[in-house]
Structure formats: C-alpha cells, structure tokens
Ligand SMILES: [Zn+2]
Ligand SMILES: [Zn+2]
Ligand SMILES: [Zn+2]
C-alpha cells in the first residue's frame, strides 16, 4: 500500500480488473467523469456497448459505465492516469462482472433487506449498504424507497470487498423490477433461464471491440458449422469454432461476453449428439487457446 491516496485508487482498480471486474474512475463527487469535449452530448456517436451502439473509441474514460474495462494497459494509460490523479473513487460495472448490486441507501432500506432478501456479500456505504448478488439483470432506480438495482448499463462505487458470501440474485429482486416496469417485461428479461443457453449480451461485453452484427454473424456461422457435423466430428468442430472465435477477441480490452457464446456452441454440439462433458471440454479448450481438442 502506498501513502498517495490517488495511487491507491489506481492500485485498487487494477486489482479489481485482475479479478474480472470492469472499472472506471469516479470524480471527487463520486460520479463518473464528465465526457471529454469530443464525446460531449454523444457527438462521438457513443460507445459500441451502449444502447445507441456507436463507433466511439475515445481514450478517455468517457460515457460513464460504458468506459469500464478490465484491460490493465488501458486503466493505467496516460489519459486514464491523468483522470485517476484527480479521481475521488473507483467505480465498477456490476453487469460486466456478472453481478447485481442492490443499493440500500437508508437505514430503513437496510432493515427491509434484512427482513426480505437472502443473505449475500454486504458492503457498508456512506448511509447504507450494498448487497451484491451473482447474476445480472436490468438496472432501475427507486424500485422501492431508498433501493436502487445496479447491474447492466450501470456503475456502482467500489467501497471495499465487504463481508459475507455472494449468493445468486433472488426472485425477490427480480419481482421489484417487474413491478417497476410500466409494461410487463418479455419472458426471460430477468435472469437467463438455466434451460436455454444465454445469448451474447452487448451490455455485458463492455470491453469488446466488435459490433453486435459481427458477433452475431460469426456465431451463426459457427453454429451452422457444428450442426452440419451431425454424423461425426461435431466435438472437434466445436473446438475449432471456439478457437476461431476466441482469436477474434485477442485484441479486445475485454470482457467480451464469450461465456454466452461458449454456452451456445456447447448447446449446438449437444444437439447433434455430442455428450455434454465432451462438448463443454472441447469448447472451453478452444476458447482458452489450447492447441488440441483431445
Ligand atoms: Zn465518446
Ligand atoms: Zn471522450
Ligand atoms: Zn471482443
């Protein structure tokens, strides 16, 4: 630990990134940094991981949560280093880390959570607590008094590791989001069901340099290549496809959301008769750059 508080922020950010948590610097007011002049009012077209997916690859940490990255080179790059030097905190993108933060802003909200929600990792905040669950969902403010849900397309302030063991995002939280929704959400809009493989999700792939269309086209092609091996060889084909797709992302800062793509490849291989353990092993070896399907 260093005595310079700003170097401490950068160190904390790098440590989080090492554990797969996409980070961003927060201002002295604990808010995301203002956009640079080029990015002001979305003039740059916005970032590829945002709803209005655009071409912005601004080297500054612009666009709030959408700037969050796990790339240590980017996090300590000169434009980011200048920002850390005047930062007041470390932010992270819960959805990008596969997490949901239930932000309890008042003592009453904490009391409600204690009485209602399953125990999980808890982090003390200025006025309340963050309860952190595994799994992602959409984000929403004020789902009840003093309670915000921060997951996809949101940032949360990092306030230390907290205490307790993380548990899966409970239905009680998803129900709050349903209630908040003006229109009923489409089925499966909350947590991905365990029966169908997750689809690639741009809001989770915060560090992917490719367009949604590029990802979808590549995935469809890969799935077709696996399906055409319905007689034999689908396992090694799945390995090859996984390896090919993983290589397309070696230059991305990450995360690229490749888990969802792996799940779909495994599913396609199983659909043509490859036993699950073999399909999963082939795809994971391909994704991890192992040279042989074996
Ligand atoms: Zn921009
Ligand atoms: Zn910018
Ligand atoms: Zn990528």
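Throughout, read-outs are computed from the coordinates displayed, never taken from laboratory work. Remember, it's a predicted structure, so these values are computed and weren't measured experimentally.
Could you tell me how many cubic angstrom of Cα convex hull volume the range 242-294 has per residue? Working shown, then result.
Working: hull volume 3.5 nm³, N = 53.
Per-residue hull volume (Cα only) is 66 Å³.
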Query - Rg ratio (alpha-carbon, reference 2.2 N^0.38 Å) - the chain - result: 1.06
Query - Helix 212-227 axis, angle to the chain major axis (alpha carbon atoms, nearest 10°) - result: 30 degrees
Requested in this report: Run the numbers on the chain and let me know its relative contact order in percent, using alpha-carbon pairs under 8 Å that are six or more apart.
Outcome: 16 percent
Query raised in the report: In whole Å and largest first, what semi-axes does the C-alpha gyration tensor of the range 38-135 yield when each eigenvalue is scaled by 5 and square-rooted?
Result: 31, 16, 13
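Under the Kirkwood approximation for Rh and a Cα-based Rg, what ratio Rg/Rh is obtained for the range 216-279?
Details: Rg = 11.5 Å, Rh = 11.8 Å.
Ratio of gyration radius to Kirkwood radius: 0.98.
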Report task. Rounded to the nearest 10 degrees, what's the angle between the helix 171-180 long axis and the longest principal axis of the chain, both from Cα atoms, 0 to 90? Result -> 70 degrees
Query - Tilt relative to the chain, helix 258-271 - C-alpha long axis, 0 to 90 degrees, to 10 - result: 30 degrees
Requested in this report: Using Cα centres only, tell me the gap between the range 34-90 and the range 102-126 in whole Å.
Outcome: 30 Å
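For the range 48-179, calculate the relative contact order in percent as a whole number, restricting contacts to Cα pairs under 8 Å that are 6 or more residues apart. Spell out each step's value before the answer.
Numbers: 225 pairs, mean separation 34.7, N = 132.
About 26 percent, as a whole number.
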Query - √(5λ) per eigenvalue of the Cα gyration tensor, the range 42-81, largest first, Å - result: 19, 10, 7
